[in-house]
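The values are calculated or read from the model by the stated rules, or taken from the named source; none is laboratory data. Everything quoted here is computed from the prediction, not taken from an experiment. Glycine also receives a Cβ, built like all others from the backbone with ideal geometry; neighbour counts cover every protein chain displayed. Note: accessible area is taken over every heavy atom of the protein model, side chains too, but ligands, DNA and RNA are not part of it. Shrake-Rupley method; radii C 1.70, N 1.55, O 1.52, S 1.80 Å.
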There are 4 protein chains.
Amino acid sequence: MIRFENDYAEGAHPAVLQALIDTNTAQTPGYGVDSYCEAARATVRRLCEREDIDVHFLVGGTQTNTIAICAALRPHQGVLCATTGHIAVHESGAIEATGHKVLTLPSGDDGKITAAQVRDYVLAHRADATFEHMVQPAMVYISQSTENGTVYTLDELDALWQTCRELDILLYVDGARLGYALMSEGAMTLPELAARCDMFYIGGTKMGALFGEALVISNPAVKKDFRYILKQHGAMLAKGRLLGVQFEALLGNGLYFEIGAKANAQAARLRATLDALGVPMRYDSPTNQQFPILPDTVLAALSEKYAYSYWERVDATHSAVRFCTSWATEDASVDALISDLKELLS
Amino acid sequence: MIRFENDYAEGAHPAVLQALIDTNTAQTPGYGVDSYCEAARATVRRLCEREDIDVHFLVGGTQTNTIAICAALRPHQGVLCATTGHIAVHESGAIEATGHKVLTLPSGDDGKITAAQVRDYVLAHRADATFEHMVQPAMVYISQSTENGTVYTLDELDALWQTCRELDILLYVDGARLGYALMSEGAMTLPELAARCDMFYIGGTKMGALFGEALVISNPAVKKDFRYILKQHGAMLAKGRLLGVQFEALLGNGLYFEIGAKANAQAARLRATLDALGVPMRYDSPTNQQFPILPDTVLAALSEKYAYSYWERVDATHSAVRFCTSWATEDASVDALISDLKELLS
Amino acid sequence: MIRFENDYAEGAHPAVLQALIDTNTAQTPGYGVDSYCEAARATVRRLCEREDIDVHFLVGGTQTNTIAICAALRPHQGVLCATTGHIAVHESGAIEATGHKVLTLPSGDDGKITAAQVRDYVLAHRADATFEHMVQPAMVYISQSTENGTVYTLDELDALWQTCRELDILLYVDGARLGYALMSEGAMTLPELAARCDMFYIGGTKMGALFGEALVISNPAVKKDFRYILKQHGAMLAKGRLLGVQFEALLGNGLYFEIGAKANAQAARLRATLDALGVPMRYDSPTNQQFPILPDTVLAALSEKYAYSYWERVDATHSAVRFCTSWATEDASVDALISDLKELLS
Amino acid sequence: MIRFENDYAEGAHPAVLQALIDTNTAQTPGYGVDSYCEAARATVRRLCEREDIDVHFLVGGTQTNTIAICAALRPHQGVLCATTGHIAVHESGAIEATGHKVLTLPSGDDGKITAAQVRDYVLAHRADATFEHMVQPAMVYISQSTENGTVYTLDELDALWQTCRELDILLYVDGARLGYALMSEGAMTLPELAARCDMFYIGGTKMGALFGEALVISNPAVKKDFRYILKQHGAMLAKGRLLGVQFEALLGNGLYFEIGAKANAQAARLRATLDALGVPMRYDSPTNQQFPILPDTVLAALSEKYAYSYWERVDATHSAVRFCTSWATEDASVDALISDLKELLS
């Protein structure tokens, strides 16, 4: 079985694993205050071109989203996101478990929400005579890249950021697949992102780490006492140095960006084949996730050799599915898939 | 600096690390349903001599305690534990963050609570005319070994278990340092433990894993839907196989028990020296944590070369401190410490 | 100002107030275990034709919904309701504050959800490969009458109830305006309702009480320990007898149903006028809430003399508004409104 | 049966009831924004001699404590109180249900905590190397009068207030029985209290109202958006005017203070008798609650005619019990009790 079902089917990128091996016997204090974490924090600050940010290393994405959001909101406040947002759909109610409602805004096939949607929602809330009977929108959550593989442009992000500032609400960017987004064509840079939100995270799990996400906080109110909340949610890893070691291996010398670029290129190869074969795409993604709409018969044939994610039924005989590439995707695997697709679809 | 401050100062035991290296490029499904996790689950069942248990692999201790407890309780229920219990003191209110009160019972220097204390508390609650105005005790939490390094005997555990059954409340055992407890002199066996509680966990983080705890659930009501709650708390590791691989490396061939025995032996060497030097111990621990009461002047001298945990002030010139051994503790480190103690204290 | 904006603009129906006056100096135990509450509970059981129900008296609707729902669900479970459901929109996130997601199903202008929608949602959840990553639907919430003034028929309720039984999920009916629903034309009876849900409440606040809702629980699992959860949510009124006295006054001799019938009749008078004047109705309500779509100029004129609830903009020059009648609505008030409407609209 | 078991055995003081009768048919907007509430708020401000306070009317004490505390704390923060504090013991874990730990400080028979205890606890927390692993103390809760009937002096309150300011933590005063405290000998005035805390409430339920507590907030951060949180907790009464009417009846013309003084005087009569009979008191209370230690035989005899609260066993043949007076306690009732005590004890 060749696995394209997600971007976390293997362990760690060899360089990340090597860094863990190299540092295995070093003795350090626990809980993320060791020198490896400090070095990785310095690297994140350098790459973001901001010295005023706090950097915390967490284990996974749901954990990071949950803690970031609950640390920032008061009890009556909720977070706006796309109907397809990960926090709205695929975190088993983690945000609600901390007491906060996820307020959804409809998004199209691009999986994005707009500054105008946010402004309209917030102003409508504030203008409603019964506003105190409804959850107060106090934060916007987006993901970069989105669940549909698409990427917010700098202009789109900037509009969201200006709107959030105007409305005095927070902007948080889920970067589970940030490396793929940053390396897609025409994408914003990391400093451009870091300058336009209150918090975001640099995803590691889906970008070659064994596990780990680096949460960057620039908003002073959220920074305060954040480590207490990490601990309270079981997210303060005893051997915190494992996260520092991995993020330094990924970010210290550009590996993170190479991984993103390579996976995007593998996905583009697959996409080019699908386009050439006239296969429609469910979403128009420039990143490592591709969503072709294929005949069910073809999918059945593929599934004997390849793992992919079933996405949704499109019509009686076709379904959308997801193929992901990653740092670990080998040329031969993509070649084989391309070859089989050509055979099955011609 | 030679670190004795805790039992998680290094990475993983070499055999655990090697297992991660060996399996790094294998492709698996995510979220703990891979073959490595299945194998490790089978091993846990075999070692516990129970086929009817569910086994879930989590990342850390606070996370495990929180999820196990909140999955089992209804909103009005609380959990009984020693005043020194980890959930009562050192988890930043993680249990309360899920809505449940930690109900403390006084414990002596052995850090334990007794079946009689539990029975008295629960019966007093039920007899109180205003019982509905108070949190209902519905679970007992103990740790094995305790925060003070002591170990519940089989008789003590059995009494707690019988009492909990009688009272129709749950018994949960935090096994962050279970391997040290199981390998202490005269200790109960793993099957004996597994037969006498509703849930317990086999700690990995403090026993040679990079991270990870194996939660064993025998109570049917708690088993149901447990994976939803894992996910909701950000505890369903994307690359769940990392946990299966590590636990199989630890448990499959007895390494876990060797680690426990070796660390206990190192601690016993230290203890023998301290006893010989007439140093009083704050608690009488047969496991890898030792709590000598030392002159502050001696501690100041030691701290230039050794890291230890400060525990509490005993009198104007003496303090109790904690020294931990682990799988990684080298003979030379203990030798050096013993030698320095002899010199400083004679 | 003549107020039609809601059905709780006055104090209590005179008979309810008189009962409070008559019992004011009696001494009783607190917290709802007095003889007035016992009598009212017996009355509810008699009227429901069920001896196996538990009856709890609470203060208000949001409180009742919150406690009923959180008492019944485990942490990973959510509650299905219409997008217009009170718990989804107008309770400031009360359900989420207890950790549970409100899962919305689209409803049409009738404000209802159907058995088929529930079945489809639950079966789709259970069939999804990632079901554990999503909130588990475990309860259905409907209101009778709905937010749009409409009424579930016995067949509709029965289909929901059978579906919930089949799917092993709970059915809860919010009866804030139950009296208006029960007295609408062709409506189900109270015993018919009581036989077809796990919990419901008989609303008092909007039906002539100063305050108070009578929650009826037939599901044994939810019954257990319910008073603890009442107390935990600050809903165990110290002078609980106030609730028993009021509900006995309302229910003991049929006053509750008279109030419902009278208010419906007043609303019908208003509706007949609107129909005759060719005014379209936003929703087709047979109960005490009426939702005409009126020219903004007419609304501006009306608002100098009448209070009503603004509902939503319909087009550039028209808005939907809500007029409510209640036990307290005087004939003269409706006469005046009818007269003014005729003048303004002709 | 003559009831002395609590101070909420009857309905409302006749003047309060009359005010409800007088205003019953008036039409008002809902949710506490009516003119009765506004008038009562103005009265509270006048009596507190502070124009900068926000006043919210809630239904009961547990509800008020819960909402006040959860509105003010961030997720990792807890509230300090006496081990006997109402929130620690008798609210079924209401505070924990909102995610916050109640941190207890030992109190003696006076039921009070001191500024020194608070300072020591907070400074010890801040000095602990593992402070982020423990709940952060961020608020102090006291009750006035206390659970034991005792009263904080102005000096004691002032010391707590200065300490909280120094430490940058909040001070909240539970005034369920504030009227009894304010009217006890040598007590602080209402303006003196209002100047020395961040929040407090003026209890109505135990002081002659049918129900209701007036929460006074002076801290600007807690004021913000408070009504959302009221609604979220089901504490925004639909007919909010009922609370405004009652508090204006109690506070507008001094009735509240007369009630406190009268009940204290009744309690003092009882106390004088007990003292003369040589009956020891469990606590030395100057307010409406009295806690004699009586022979069990005497208690058995008394219980045929009087209701009192059982407090605790003192020795094999004696128990402490509680007798409460209130606005409703008649002279004849106290006379009868005094007479019976004399007979039984001589």
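Quick notes on this one:
- Cα-based convex hull volume of chain B per residue, rounded to whole Å³: 136 Å³
- Alpha carbon centroid spacing (whole Å) that separates the range A:320-334 from the range B:138-171: 50 Å
- In this structure, the residue pairs whose Cα-Cα separation is over 23 Å, taken from B:224/C:101; C:206/C:262; C:231/D:262; A:305/B:224, are C:231/D:262; A:305/B:224.
- Compactness relative to 2.2 N^0.38 Å, alpha carbon Rg of the range D:95-178: 1.12
- Euclidean distance between Cα centres, the range B:53-125 to the range C:92-107, Å: 29 Å
- Space enclosed by the convex hull of the alpha-carbon atoms of the range A:1-123, per residue, Å³: 195 Å³
- Antiparallel bridge percentage (DSSP; both residues within chain B; nearest 5): 55 percent
- Residue of A:218, A:303, A:285 that the Gaussian network model of chain A assigns the largest fluctuation, springs spanning Cα pairs under 10 Å: A:303
- Estimated 222 nm signal from helices in chain B, with DSSP H stretches of n ≥ 4 weighted -39500 (n - 2.57), rounded to 500: -12500 deg cm²/dmol
- A simple count of charges around residue B:294, restricted to other residues whose Cβ falls under 15 Å of its Cβ and scoring Lys, Arg +1 and Asp, Glu -1, yields -2.
- For the range A:66-108, dividing the convex hull volume of the Cα atoms by the residue count gives 57 Å³ per residue.
- Computed from label points 7 Å out along Cα-Cβ, the spacing between residue B:109 and residue D:296 is 3.7 nm.
- Calculated from the alpha-carbon coordinates, the range C:237-339 shows an Rg and a Dmax of 16.7, 51 Å respectively.
- Proximal aspartates and glutamates to residue D:342, defined as alpha-carbon separation beneath 14 angstrom and excluding residues fewer than eight positions away on the same chain: D:275
- Where B meets A: accessible area buried, both sides, 1.4 Å probe, Å²: 3700 Å²
- Per residue of B:64-73, other chain Cβ atoms within 10 Å of the residue Cβ number 2 on average.
- Other residues with beta-carbon under 15 Å from the beta-carbon of residue D:166 carry, at +1 per Lys or Arg and -1 per Asp or Glu, a net charge of 0.
- Ranked from largest, the principal axis spans of the Cα set of the range B:288-338 equal 34, 19, 14 Å.
- Per-copy distances of the residue C:153 label point, shortest first, in nm (7 angstrom along Cα→Cβ): 5.3, 7.3, 7.6
- Surface exposure of the protein assembly as shown, expressed per residue as accessible area with a 1.4 Å probe, stands at 33 Å².
- Copies compared at residue C:18 - label distances in nm, ascending, label defined 7 Å from Cα in the Cβ direction: 2.1, 9.1, 9.2
- With each label modelled as a point 7 angstrom along the Cα→C-beta vector, the residue B:192-residue A:276 pair spans 6.9 nm.
- Label spacing, shortest first and in nm, from residue C:223 to its equivalents in the remaining copies (7 angstrom along Cα→Cβ): 2.8, 5.0, 5.7
- Most fluctuating residue given options D:123, D:157, D:105, as computed from a GNM of chain D linking Cα atoms under 10 Å: D:123
- For a label point 7 Å along the Cα-to-beta-carbon line of residue C:49, residues of the range C:170-188 with backbone N under 14 Å: C:188
- Minimum Cβ-to-axis distance in chain A for the rotation onto chain C, with residue, whole Å: A:96, 2
- Calculated on the Cα set of the protein assembly as shown, radius of gyration then Dmax: 33.0, 109 Å.
- Extension gain, residue D:303 to residue D:330, is 7.9 nm, computed as 0.36 nm per intervening residue step minus the present C-alpha separation.
- Each eigenvalue of the Cα gyration tensor of the range D:171-320, multiplied by 5 and square-rooted, gives one semi-axis; in descending order these are 35, 18, 16 Å.
- A simple count of charges around residue B:57, restricted to other residues whose Cβ falls under 13 Å of its Cβ and scoring Lys, Arg +1 and Asp, Glu -1, yields -1.
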